[in-house]
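For reference, the structure is listed below as structure tokens.
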Amino acid sequence: MNTRTLDIENKNAVYRKVTRRLIPFLILCYFFAYLDRVNVGFAKLHMQDALNLSDTVYGIGAGIFFIGYFIFEVPSNLLMQRFGPRFWIARIMASWAVLSALTMFVTTPTQFYVVRFLLGVAEAGFFPGIVYYLTLWFPSWRSARTLGLFILVTPLSTIIGSPLSGLILKMFEGVGHLHNWQWLFLVEAIPSFLLAFVVLRYLDNDVKSAKWLSDDEKALIEQDLQKDQLDKVAANAGMPQHSLSAMFRNRFVWLLALIFFSFNIGYYGINFWLPSIIKSSGVQDDLAIGLLAAVPYIFGAVCMLWNSRHSDLKQERRWHIAIPAIVGAIGLTFSALNEGSTFWMMAWICVAMSGTLSLIPTYISLPGTLLSGTAAAAGIALVNSIGNLAGFFGPTVLGWLKDTTGSTSSGLYILAGFLVLCAPLIFLIPARLINPRDRQATKPAENNVLTKRGHI
């Protein structure tokens, strides 16, 4: 083994060490965050009748979370830079846990709207904050696969959380003086609150403060990060992309936000309504609904890992976003055409989730590729917040159309149309800016070996 190969192997070993330290714990944290965000879809199965809520009211309540999320997303990520990731992530987790638990006490549509809005305010900055946090540890040419491992939590939250939510609803029916949907909010909020205190002891703010890394390991990572920063400047024609104003002036950041918005309309629309869609197809048992709701995300998880890995191997981003978006749109279209059949409807939703989930890690790596410094933190937050506004429109449109037409099929066609839009939009961003292989100054020799060997 020659010296160059040995150096690359050592470097891979360091990044595997960082991955093992950070990713599993961050996955655990985001698992409960995501569970607290979407468990309202399962609570609806009983909450709606108990509180006499219309489908429109539910859709608005489920979606208004993202209005609060949108308003406080960028400020939250900027405050994370000021107070440090460790403290700020812990603050976010503790506050959202309390507000998620308080949802059990709502009795009116207004109360439902208020607590969901405040939950969005509390959770704002968590996901983009973690994405930004990972840019402090991994250079861009390793980012898609690393983010793929982290974002694997999105389908895992549903794969595990859906049966868990169904089981809680079934087990806690008639327990004490609370409804089963009230127990659901309480039980699933407790882990997030406890984990907030673990975050304060476990996470480090950056590479320099990591006592579990040697000085040589720290130097290796910091050298890669410095090189990555220089590559970003070179790819942007020599114009530094550090400042907050640079982020707002970067038209590609706004384009990324529009792409994410189009994607999320489809994703969150189906995400919040899937338990109800399954129930309307004839399945009545809560646990069975939970188990069926998990199936599409199993397929999505597999495709997500493959697509993010293949994107890094090929050092290509645009086609790895466009093709999955088209596949997702096809799946949603045919699921709407087969809404009367549980089997075929679920089969096509599996196709839809395979597509939509596949593009997430590759897409999420892009803002950090375009920007650096304060601009990166704010840019990631801006893209995420605007994109997540779709989380309001998707569920709301489906709810309104369900009340109006008695069916969700017309809403699913609209969601599919927005997914199709992602494909042409991503090609408006030049390949040299987002494809590692096309960035003129970002072609370190070791990257070629990395991509061939498939190391993280």
Roughly how many whole Å is it from the C-alpha centroid of the range 291-317 to that of the range 101-168?
18 Å
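If you take every residue apart from PHE42 with its C-beta less than 10 Å away from the C-beta of PHE42, what net charge results, scoring Lys and Arg +1 and Asp and Glu -1? All intermediate terms of the calculation are to be shown ahead of the outcome.
Working: positive: LYS44; negative: GLU188, ASP286.
With Lys, Arg at +1 and Asp, Glu at -1, the net is -1.
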Add +1 for every Lys or Arg and -1 for every Asp or Glu among the other residues with Cβ under 12 Å from the Cβ of ALA288, and state the total.
0
On a 0 to 90 degree scale, rounded to 10, what angle separates helix 153-171 from the longest Cα axis of the chain?
30 degrees
Overall dimensions of the chain by Cα: Rg and Dmax, Å:
21.6, 71
Return the long-range amide H neighbours of GLU316 (sequence gap of 5 or more, or a different chain), with a cut-off of under 5 Å between placed amide H atoms.
none
Output wanted: per-residue J couplings in Hz (rounded whole) for the range 307-314, from phi through Karplus 6.51 cos²θ - 1.76 cosθ + 1.60, θ = phi - 60°, x for Gly and Pro.
5, 5, 5, 5, 4, 6, 4, 8
For LEU53, other-chain or 5+-apart residues with amide H closer than 5 Å (H placed, Pro excluded) are none
Please list, or write none, the aspartates and glutamates whose alpha carbon is within less than 14 Å of the alpha carbon of LYS211, excluding same-chain residues fewer than 8 places away.
none
For the range 135-206, build the charge dipole from Cβ charges (+1 Lys, Arg; -1 Asp, Glu) around the Cα centre, then report which of THR146, ILE168, PHE185 sits farthest towards its positive end.
THR146
Ranking request for peptides 393-401, 341-349: highest mean number of other beta-carbon atoms within 10 Å first, then the rest in descending order.
393-401, 341-349
Given the rule -39500 (n - 2.57) for each run of at least 4 DSSP H residues, summed and divided by the residues of the chain, what is its mean residue ellipticity at 222 nm, to the nearest 500 deg cm²/dmol?
-27000 deg cm²/dmol
Can you bin every Cα-Cα distance in the range 24-130 into 10 Å intervals starting at zero and give me the percent of pairs per bin, rounded to whole numbers?
15, 47, 28, 10, 1
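Jot down the per residue volume, in cubic angstrom and as a whole number, of the convex hull over the alpha-carbon atoms of the range 64-182. Show your work: numbers first, answer last.
Values: hull volume 14.1 nm³, N = 119.
That works out to 118 Å³ per residue.
Read-outs throughout are calculated quantities, based only on the coordinates presented, and are distinct from any laboratory measurement. The shown structure was predicted, so the numbers you read here are calculated from the model rather than taken from an experiment. Backbone-built Cβ (ideal geometry, glycine too); neighbour counts: all protein chains shown.
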